[in-house]
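Undergrad: Below: one structure in structure tokens.
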Amino acid sequence: MFHGLTEDMLKLLFIISEYTQTNDEDNPLWIKELPLLAIIHEGIVKGVFKSYDYSPTSVPMLDGTRRWLNISREGKDDIEDLINLQLIAILRLSTSQYGYMTAYKPTVLVGEVLSSLTPELKDEVYSLIQHECGCNYEVLFSPDDISFVCSTCTFKLETSMGFIEDVSYLTEPYFPSLE
């Protein structure tokens, strides 16, 4: 039914599913876009996402400011593809600063897709989103850093999402031939 889902799309779908599991249907959980993008970035750094890359992007923060963060365009594109396939739902809310916050949750169609995931794929995702104690990391943003925190054992892992690398570019002038 869902042909064309890449391995990275399946991992992304599994991450969204893991962070939005709840038994309360009247009060569903959603994962905010910025923490999801931080998980994607960390997944790129750790080699979990094989076809994704990242680049510096100016991102609006919830307090109304902007910040340069390493964002994956491929990851955002896969999120859009999953929305178009009706595998995840999107929620956009306005903040008190007149900004927008986006969040995602899986739809009812996800169960069929996730039931076919291999244990190896699940283990790869768990190595990214869970601390060794078995609890999912919370993604915390502060003015100084972005961290993965395990609330059970107070473990904290700073990400490099906010560290913008200097990349040197070598160029040579191009002179077209006049002949």
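The values are calculated or read from the model by the stated rules, or taken from the named source; none is laboratory data. This one's a predicted model, so the numbers in the text were calculated from it and none came from an experiment. Here the Cβ positions follow ideal geometry from the backbone for every residue, glycine too, while neighbour counts run over all protein chains shown.
Undergrad: If a residue must be part of a loop (DSSP other than H, G, I, E, B) and either in contact with an Asp or Glu (Cβ under 6 Å, 6 or more places away or on another chain) or at pLDDT 85 or above (or both), how many such residues does the stretch 155-179 contain?
TA: Going residue by residue through the stretch 155-179, those that are part of a loop (DSSP other than H, G, I, E, B) are 159-179.
Going one step further and asking which of them are either in contact with an Asp or Glu (Cβ under 6 Å, 6 or more places away or on another chain) or at pLDDT 85 or above (or both), we end up with 159-164.
Looking only at that region, the number is 6.
A quick yes/no check of all residues on (1) touching a residue at least 12 places away in the same chain (Cβ under 8 Å); (2) of a type outside the set (A, V, I, L, M):
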site: Asp77; (1), (2): no, yes
site: Gly99; (1), (2): yes, yes
site: Lys105; (1), (2): yes, yes
site: Val108; (1), (2): no, no
site: Ser115; (1), (2): no, yes
site: Cys135; (1), (2): yes, yes
site: Glu138; (1), (2): yes, yes
site: Asp145; (1), (2): yes, yes
site: Gly162; (1), (2): yes, yes
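Undergrad: For the stretch 151-173: of the residues being of a type in the set (A, V, I, L, M, F, W, C) and surrounded by 15 or more Cβ atoms within 10 Å (Cβ to Cβ), which is nearest to Glu42 (Cα to Cα)?
TA: Just the residues of the stretch 151-173 that are of a type in the set (A, V, I, L, M, F, W, C), to begin with: 153, 155, 157, 161, 163-164, 167, 170.
Next, from what is left, pick out any that are surrounded by 15 or more Cβ atoms within 10 Å (Cβ to Cβ): 155, 161.
On the way: Phe155: 16, Met161: 8 Å.
If we take residues in the stretch 151-173 being of a type in the set (A, V, I, L, M, F, W, C) and surrounded by 15 or more Cβ atoms within 10 Å (Cβ to Cβ), then Met161 is nearest to Glu42 (Cα to Cα).
Undergrad: Before we move on, is Leu12 within 23 Å of Leu85 (Cβ to Cβ), touching a Phe, Trp or Tyr at 6+ places or on another chain (Cβ under 9 Å) and assigned to a helix (DSSP H, G or I)? So that I can check it myself, show each step before the final result.
TA: Values: within 23 Å of Leu85 (Cβ to Cβ): yes; touching a Phe, Trp or Tyr at 6+ places or on another chain (Cβ under 9 Å): yes; assigned to a helix (DSSP H, G or I): yes.
In short, yes.
Undergrad: Something else: Which ones in the stretch 3-38 are of a type in the set (D, E, K, R), surrounded by fewer than 19 Cβ atoms within 10 Å (Cβ to Cβ) and in contact with a strand residue (DSSP E or B) (Cβ under 6 Å, 6 or more places away or on another chain)?
TA: Matches in the stretch 3-38: Lys32 only.
Undergrad: Among the residues of the stretch 120-150 satisfying the criterion of being in a loop (DSSP other than H, G, I, E, B), out of contact with any helix residue (DSSP H, G or I) (no Cβ under 8 Å at 6 or more places or on another chain) and surrounded by 12 or more Cβ atoms within 10 Å (Cβ to Cβ), which is modelled with the lowest pLDDT?
TA: Taking the stretch 120-150 and keeping what is in a loop (DSSP other than H, G, I, E, B), we get 131-135, 137, 142-145.
Cutting the leftovers down to out of contact with any helix residue (DSSP H, G or I) (no Cβ under 8 Å at 6 or more places or on another chain) gives us 131-135, 142-145.
After this cut, where a residue has to be surrounded by 12 or more Cβ atoms within 10 Å (Cβ to Cβ) as well, the list is 131, 135, 145.
Details: His131: 92, Cys135: 91, Asp145: 87.
Ranking the candidates gives Asp145 first.
Undergrad: Please enumerate the residues belonging to the stretch 64-119 that are in contact with a Leu (Cβ under 9 Å, 6 or more places away or on another chain), assigned to a strand (DSSP E or B) and basic (Lys, Arg).
TA: Lys105
Undergrad: Please indicate, with yes or no, whether at least one residue in the stretch 31-47 is within 20 Å of Glu165 (Cβ to Cβ), part of a helix (DSSP H, G or I) and either free of Cβ contacts under 8 Å to residues at least 24 places away in the same chain or in contact with an Asp or Glu (Cβ under 6 Å, 6 or more places away or on another chain) (or both).
TA: The answer is no; no qualifying residue exists.
Undergrad: What residue, of Tyr104, Tyr100, is of a type in the set (Ser, Thr, Tyr) and surrounded by 16 or more Cβ atoms within 10 Å (Cβ to Cβ)? Full working, then the answer.
TA: Working: Tyr100 fails: surrounded by 16 or more Cβ atoms within 10 Å (Cβ to Cβ).
None of the other options fit; the residue is Tyr104.
Undergrad: Turning to a different aspect of this structure: Please specify each residue of the stretch 133-163 satisfying the condition of being charged (D, E, K, R) and either under 18 Å from the mean Cα position of the chain (by Cα) or under 18 Å from Ile31 (Cα atoms) (or both).
TA: Keep residues of the stretch 133-163 that are charged (D, E, K, R), which gives 138, 144-145, 156, 158.
Within the stretch 133-163, Glu138, Asp145, Glu158 meet the criteria.
Undergrad: Which residue is farthest from Ser51 (Cα to Cα), if the candidates are limited to the stretch 78-97 and must be hydrophobic (A, V, I, L, M, F, W, C) and surrounded by 15 or more Cβ atoms within 10 Å (Cβ to Cβ)? Break it down stepwise before answering.
TA: Taking the stretch 78-97 and keeping what is hydrophobic (A, V, I, L, M, F, W, C), we get 79, 82-83, 85, 87-91, 93.
So of that shortlist, the ones also surrounded by 15 or more Cβ atoms within 10 Å (Cβ to Cβ) come out as 79, 82, 85, 87-89.
Numbers: Ile79: 14, Leu82: 16, Leu85: 20, Leu87: 20, Ile88: 21, Ala89: 23 Å.
Taking the candidates together, the pick is Ala89.
Undergrad: Could you please give the count of residues in the stretch 39-54 that are out of contact with any Ser or Thr (no Cβ under 8 Å at 6 or more places or on another chain), of a type outside the set (D, E, K, R) and surrounded by fewer than 19 Cβ atoms within 10 Å (Cβ to Cβ)?
TA: If we filter the stretch 39-54 for residues that are out of contact with any Ser or Thr (no Cβ under 8 Å at 6 or more places or on another chain), which is where we start, we get 39, 43, 47, 50.
Those left that are additionally of a type outside the set (D, E, K, R): 39, 43, 47.
Within this subset, residues satisfying the condition of being surrounded by fewer than 19 Cβ atoms within 10 Å (Cβ to Cβ) are 47.
Qualifying residue count for the region: 1.
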